[in-house]
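Just below is one structure, and these are the notes that go with it.
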Amino acid sequence: MGPRIQYFDANTAGRDYAVGDIHGCFYMLDALLERLEFDVAKDRLFSVGDLIDRGPDSERAAEFIDAPWFHAIRGNHEQMLLDAVDHGGQERALWHMNGGDWFEAVDARAADALTERVRQLPLAAAVNLAGGGVAALVHANVIGHSFERTGALLEAGLADAQALSMLLWNRDRADALNGRAAGPIAVDGVDVIYFGHTPMHEAMARANTRWLDTGAFMGGRLSIAELGVAGDVWSLSSDLDTLHSGWRWV
């Protein structure tokens with residue numbers, strides 16, 4: 001496994017973006033990057049995880065993980081891949097129930113290579129912003145409402161099974177955002193933080209949190225945001241016809 005948290009210097013040559021859960025819909029990502037005139041020579045794209053499962057082209061995840069301008073963290077679907085490969089049985093059955101059956105058709109050598117790429121993905125990332133401050137990416141939720149605490153635990157290798165579940169699976173903060181539960185929204189120790197995991201009808205924003213899973217595989221949208229406290233967001237429809245812009249602030 002690679003580092004559990006990855007840190008990035010500021011990009012002083014180009015632009016930085018974050019993309020929501022792709023779930024195998026790489027055709028949408030291709031189209032959205034083209035709309036944004038993304039420059040692979042100087043721009044960077046950070047993913048909040050869930051590159052794979054449910055969409056049509058999950059095997060393309062390896063292509064993007066290998067790209068020098070693309071930087072992903074691990075989502076719960078990447079974790080399900082690892083659990084299925086490492087343990088089989090019920091873990092593999094659970095993954096298949098959640099869209100992992102595509103993996104059975106992948107050539108054995110390609111499957112092994114993708115598995116090792118996924119194993120290297122960190123659980124969180126922090127990116128210095130060119131204008132000052134720090135942006136963070138976590139798939140589902142942070143530990144103890146603090147990115148600083150989350151990062152310290154990951155750096156020390158102290159993220160146990162309960163912490164892993166919080167980072168990859170927990171929806172408490174998303175439920176609070178949507179009014180389904182009580183609880184804090186803002187995250188301490190970072191200027192802006194991007195989450196995926198919980199599908200939203202629109203790209204959502206509140207306090208310093210940004211929510212980028214807009215249901216690409218469900219006939220919804222794929223969303224890409226410009227990293228930064230005041231960064232804009234663009235969401236492309238699954239038929240590639242309609243480009244929306246702007247956050248829904250709640």
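Some values worked out for this structure:
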quantity	calculated
Out of ASP30, ASP57, ASP86, sole residue that is among the acidic types (Asp, Glu) and over 25 Å from GLY219 (Cβ atoms)	ASP86
Filter result for GLY189 (small (Gly, Ala, Ser), farther than 22 Å from LEU82 by Cβ and open to solvent by 10 Å² or more (accessible area, probe 1.4 Å))	yes
Leading residue by the ranking (most open to solvent (accessible area, probe 1.4 Å)) among those in segment 210-228 that are out of contact with any Leu (no Cβ under 8 Å at 6 or more places or on another chain) and closer than 30 Å to THR12 by Cβ	GLU226
Any hit, segment 62-70, residues being within 22 Å of ASP241 (Cβ to Cβ) and of a type in the set (Asp, Glu)	no
Those residues of segment 145-160 which are more than 15 Å from TYR7 (Cα to Cα) and either touching a strand residue (DSSP E or B) at 6+ places or on another chain (Cβ under 7 Å) or open to solvent by less than 40 Å² (accessible area, probe 1.4 Å) (or both), in sequence order	HIS145, SER146, ALA159
Odd one out for TYR27, checked against (1) among the aromatic types (Phe, Trp, Tyr); (2) under 25 Å from ARG171 (Cβ atoms); (3) open to solvent by 40 Å² or more (accessible area, probe 1.4 Å)	(2)
Test: residue in segment 92-110 that is farther than 29 Å from GLY14 by Cα, of a type in the set (A, V, I, L, M, F, W, C) and buried (at least 20 other Cβ atoms within 10 Å of the Cβ)	yes
Spans of strands (runs of 3 or more DSSP E) in segment 123-236 with at least 3 residues over 15 Å from ALA18 (Cα atoms), modelled with pLDDT of 95 or more and not acidic (Asp, Glu)	none
In segment 1-39, the residues that are within 25 Å of GLU116 (Cβ to Cβ), out of contact with any strand residue (DSSP E or B) (no Cβ under 9 Å at 6 or more places or on another chain), at pLDDT 95 or above and hydrophobic (A, V, I, L, M, F, W, C)	PHE26
Qualifying positions in segment 116-127 - in contact (Cβ under 8 Å) with a residue 24 or more places away in the chain and surrounded by fewer than 16 Cβ atoms within 10 Å (Cβ to Cβ)	ARG119, GLN120
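The values are calculated or read from the model by the stated rules, or taken from the named source; none is laboratory data. As the structure is a prediction and not an experimental result, all values here were calculated from the model. Methodologically, a virtual Cβ is constructed for each residue, glycine included, from the backbone with ideal geometry; neighbour enumeration extends over all protein chains shown. What goes into the accessible areas is simple: the full protein's heavy atoms, side chains included, and nothing from ligands, DNA or RNA. Shrake-Rupley method; radii C 1.70, N 1.55, O 1.52, S 1.80 Å.
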